[in-house]
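Here the structure comes first, spelled out in structure tokens, and everything after it is commentary.
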Amino acid sequence: MVLDAKGVLAAAERFPWAVAAPGERHWPDGSDFLEVALSAVGPEEREGYIERLEAFVGQHRARLEEMLRTHGPGNKPASRGRYALIGQPETLVIVERMESAPFLLRGQWEEKEEIVFLDDLEFVWGPRIRLSR
């Protein structure tokens, strides 16, 4: 099964409290980041992934709101060019993958994107926690 990137992005966009307004985002098109994050979703996880993402975002609402509030677009850390991924809807998928498949995500990321973006996001997100399943 192939994940529908547009469907996943549409699901992420349904959480306006976790993403910056379109005009405030660093990248109007973050599809490259989404592609890397989705490449870290294993075949056995693809069915029902959107529902899993929605549950994850709901479970971590306070943490995601705080991340956007403190490091998102328009904040002092973001004004220095750091934390550029915060506020992107694609970041919800990246953070979910940081929790669910951190080593696979990092391996995929190192091959395709600048690692500093992932490092910054990991720093702001904080220590990895285990999800109860």
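Name the GluC sites (Glu not before Pro) in region 28-133 that are in a loop by DSSP and that have at most 12 other C-beta atoms within 10 Å, would you?
Values: sites: GLU35, GLU44, GLU45, GLU47, GLU51, GLU54, GLU65, GLU66, GLU90, GLU96, GLU99, GLU110, GLU111, GLU113, GLU114, GLU122; in loops: GLU47, GLU113, GLU114.
Here the sparse-neighbourhood loop sites are GLU47, GLU114.
In whole Å, what are the Cα extents of region 12-109 along the three principal axes, biggest one first?
40, 26, 21
If I build a Gaussian network model for the chain, linking alpha-carbon pairs within less than 10 angstrom, which residue out of GLY72, GLY87, GLY58 has the largest mean-square fluctuation?
GLY58
Taking only the alpha-carbon positions of region 49-91 and ignoring solvent, what does the Debye formula give for the base-10 log of I(q)/I(0) at q = 0.17, 0.34 Å⁻¹?
-0.49, -1.13
Please turn the phi angles of region 79-95 into ³J(HN,Hα) values with the Karplus equation 6.51 cos²θ - 1.76 cosθ + 1.60 (θ = phi - 60°), one per residue in order, whole Hz, x for glycine and proline.
Listing the rounded values in order: 5, 8, x, 9, 6, 5, 7, 5, x, 6, x, 4, 5, 4, 5, 4, 5 Hz.
Treat region 80-123 as a sphere of radius equal to its Kirkwood radius over Cα pairs and apply Stokes-Einstein at 4 °C in a medium of 1.567 mPa s; give the translational diffusion coefficient in µm²/s, rounded to a whole number. Numbers along the way, then the final one.
Numbers: Rh = 10.6 Å.
Translational D for this selection: 122 µm²/s.
On a 1.4 Å probe surface of the protein chains, which of ARG25, ARG69 comes out largest in accessible area, and what is the full order? Working shown, then result.
Numbers: ARG25 35, ARG69 145 Å².
Output order, biggest surface exposure first: ARG69, ARG25.
On the protein heavy atoms, probe 1.4 angstrom, tell me the percent of accessible surface of the chain carried by carbon and sulfur.
Details: 3860 of 7170 Å².
Carbon-and-sulfur percentage of accessible area, whole number: 54.
Whole-Hz ³J(HN,Hα) for each residue in region 49-61, computed from phi via Karplus 6.51 cos²θ - 1.76 cosθ + 1.60 with θ = phi - 60°, x for glycine and proline: what do you get?
Couplings: 4, 4, 5, 5, 4, 4, 5, 4, 4, x, 5, 10, 3 Hz.
Can you tell me how much longer the chain between SER31 and GLU113 gets when fully stretched, taken as 0.36 nm per residue apart minus their C-alpha distance, in nm with one decimal? Spell out each step's value before the answer.
Details: separation 82, 0.36 × 82 = 29.52 nm, distance 1.19 nm.
Gain on extension, SER31 to GLU113, equals 28.3 nm.
Rolling a 1.4 Å sphere over the protein heavy atoms, what is the accessible area per residue of the chain, to the nearest Å²? Each step should come with its number before you reach the end.
Values: 7170 Å² over 133 residues.
So the chain comes to 54 Å² accessible per residue, rounded to a whole number.
Report, to two decimal places, the Cα Rg of region 1-56 normalised by 2.2 N^0.38 Å (N = number of residues).
Numbers: Rg = 11.8 Å, N = 56, 2.2 N^0.38 = 10.2 Å.
Against the empirical 2.2 N^0.38 Å value, I get 1.17 for region 1-56.
Could you tell me the relative contact order of region 14-133? Use alpha-carbon pairs under 8 Å, at least six residues apart, and round to a whole percent.
Numbers: 115 pairs, mean separation 42.8, N = 120.
So the answer I get is 36 percent.
In debye, nearest 20, what is the charge dipole magnitude of the chain about its Cα centre with +1 on Lys and Arg Cβ and -1 on Asp and Glu Cβ, if you could check?
On the way: 17 positive and 23 negative charges, 108 e Å.
Here the size comes out at about 520 debye.
The values are calculated or read from the model by the stated rules, or taken from the named source; none is laboratory data. Worth saying up front: this structure is predicted, and the values here are computed from it rather than measured. Positions of Cβ are backbone-derived with ideal geometry, glycine not excepted, and every protein chain shown enters the neighbour counts. Accessible surface is based on the protein model in full, side chains and every heavy atom, while ligands, DNA and RNA are left aside. Shrake-Rupley method; radii C 1.70, N 1.55, O 1.52, S 1.80 Å.
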